[in-house]
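Reviewing the structure listed below.
The values are calculated or read from the model by the stated rules, or taken from the named source; none is laboratory data. Values in this document were obtained by computation on a predicted structure and should not be read as measured data. Here the Cβ is made from the backbone with ideal geometry for all residues, glycine too, and neighbour counts use every protein chain on show.
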Amino acid sequence: MLNFLGKQMKPYTRLILCVLVFQIGQTLLSLYLPRINAGIIDYGVINGNTGYIIKQGIIMFVLSVIQFGCAVGAGIVGAKAALLVGRDLRRNLYTKIVS
């Protein structure tokens, strides 16, 4: 079964790798954001450093936008790959039934 699915998905390995890159990026960013938040609390709030808080807040916002872009990209590219594989499976099934 896995061999069969591997053959069906082989033409779309670039799309699947793209989805993996997007997912890894999203995951790494979601793991890094709490570290920035901890730094804001440790160095900004405790010391009363408003400039540090604003700077780190802007960085968090930019990273959140990038994370959102990775999530959207993974969804779009993953849906496209799934639709293309499904189309090929239906075509192959139809050809097998007709012949």
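Per-structure values
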| quantity | calculated |
| --- | --- |
| Lone qualifier among 72, 85, 65 - being touching a Pro at 6+ places or on another chain (Cβ under 9 Å) and of a type outside the set (Lys, Arg) | 85 |
| Pairs, first within 14 Å of residue 60 (Cα to Cα) in region 16-38, second modelled with pLDDT of 95 or more and among the aromatic types (Phe, Trp, Tyr), C-beta under 6 Å, six or more apart | none |
| Filtered residue count, region 1-37, keeping only those that are outside any helix (DSSP H, G or I) and in contact with a Gly (Cβ under 7 Å, 6 or more places away or on another chain) | 0 |
| Which listed residue, of 44, 75, 57, 86, is surrounded by 11 or more Cβ atoms within 10 Å (Cβ to Cβ), within 30 Å of residue 7 (Cα to Cα) and in contact with a helix residue (DSSP H, G or I) (Cβ under 9 Å, 6 or more places away or on another chain) | 75 |
| Whichever residue in region 38-57 is outside any helix (DSSP H, G or I) and polar (S, T, N, Q) and, among such residues, is nearest to residue 71 (Cα to Cα) | 49 |
| Residue 60 out of contact with any strand residue (DSSP E or B) (no Cβ under 8 Å at 6 or more places or on another chain), touching a residue at least 40 places away in the same chain (Cβ under 8 Å) and either outside any helix (DSSP H, G or I) or of a type in the set (A, V, I, L, M) (or both) | no |
| Criterion: modelled with pLDDT of 95 or more, within 30 Å of residue 9 (Cα to Cα) and out of contact with any His (no Cβ under 9 Å at 6 or more places or on another chain) - qualifying residue of 21, 65 | 21 |
